[in-house]
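None of the figures in this text is laboratory data; all of them are computed from the coordinates on show. These numbers were taken from a predicted model, which means no experiment stands behind them. When we count neighbours, we look across all protein chains shown, and the Cβ atoms used for this are built from the backbone with ideal geometry, even at glycine.
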Amino acid sequence: MDPEGKHAANSSPNSGDRPALLILDMVNCFDFEGAEALEPRALEAARRIDRLRQEFRAHGWPVVYVNDNFGEWHSEASKLVARALEKDNPVTEMVRPEHGDFFIIKPQFSGFYATNLPVLLPQLGVSKLVLSGIATDICVLFTAADAHMREYDLWVPEDAVAAESDERGRWALDIMARSMGAETAATSHKSPGEWLAALTQ
């Protein structure tokens, strides 16, 4: 795990046409209002995210965790992970960061706001983003908006994100599809390779 993407400069960026998988706020204690509704949905999304990250790693594509600090301004990435795993937490356990993954701590909803992400992605040669995690209508939506304004191609798989309710999730996905041109097909209907191929047609 590379906290804050500190070693990105030593990576090997290529033509600037790579995809990256962003995993939003899945290192989580689920101890906030609304967590009871969100956690089981997040667990379903975690199963799809796990398959996505395995495919990304197999291709050598970046996997980037973008995570809230939950008010712990002095915590490092490893401490956030350890805290989330202190109790029985199948969500974080299923998608916990591994060696070679990047980890960005964010102070607000968007993964781009006041973080190293806008610097990290160009250094990694990334121009396409797959957004996953929670919550669809908050941090995923805000991150998608900032990514769209930076002209990243976007795929937000509807089965790899979760919100507190199906209605809120559908509302956010509709905005991302209609207003940001994001692909929202489920991972059961589209693979990363198929999504990338469609972008070149």
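Below are the figures for this structure:
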read-out: Highest-fluctuation residue, 56, 102, 32 considered, GNM on the chain with Cα pairs under 10 Å; value: 32
read-out: Ordering of 192-201, 83-92 by burial proxy (mean other Cβ atoms within 10 Å per residue, highest first); value: 83-92, 192-201
read-out: Cβ-derived FRET efficiency at R0 25 Å, residue 180 paired with residue 200, nearest 0.05; value: 0.80
read-out: Order by protection proxy (mean Cβ within 10 Å, highest first), peptides 20-31, 174-185; value: 20-31, 174-185
read-out: Total formal charge among the other residues, if their Cβ is under 15 angstrom from that of residue 152, Lys/Arg +1 and Asp/Glu -1; value: -2
read-out: Size descriptor, Kirkwood hydrodynamic radius, that averages inverse alpha-carbon separations across the chain, Å; value: 16.6 Å
read-out: DSSP beta bridge pairing in the chain, given as percent antiparallel to the nearest 5; value: 0 percent
read-out: Charged-residue dipole, Cβ positions (Lys, Arg, Asp, Glu), the range 2-199 about Cα centre, Debye nearest 20; value: 560 debye
read-out: Test item: Cα-centred dipole of the range 73-138, Lys/Arg +1 and Asp/Glu -1 on Cβ, debye; value: 160 debye
read-out: Net +/- balance of residues flanking residue 166 in space, Cβ distance below 14 Å, scoring K and R +1, D and E -1; value: -4
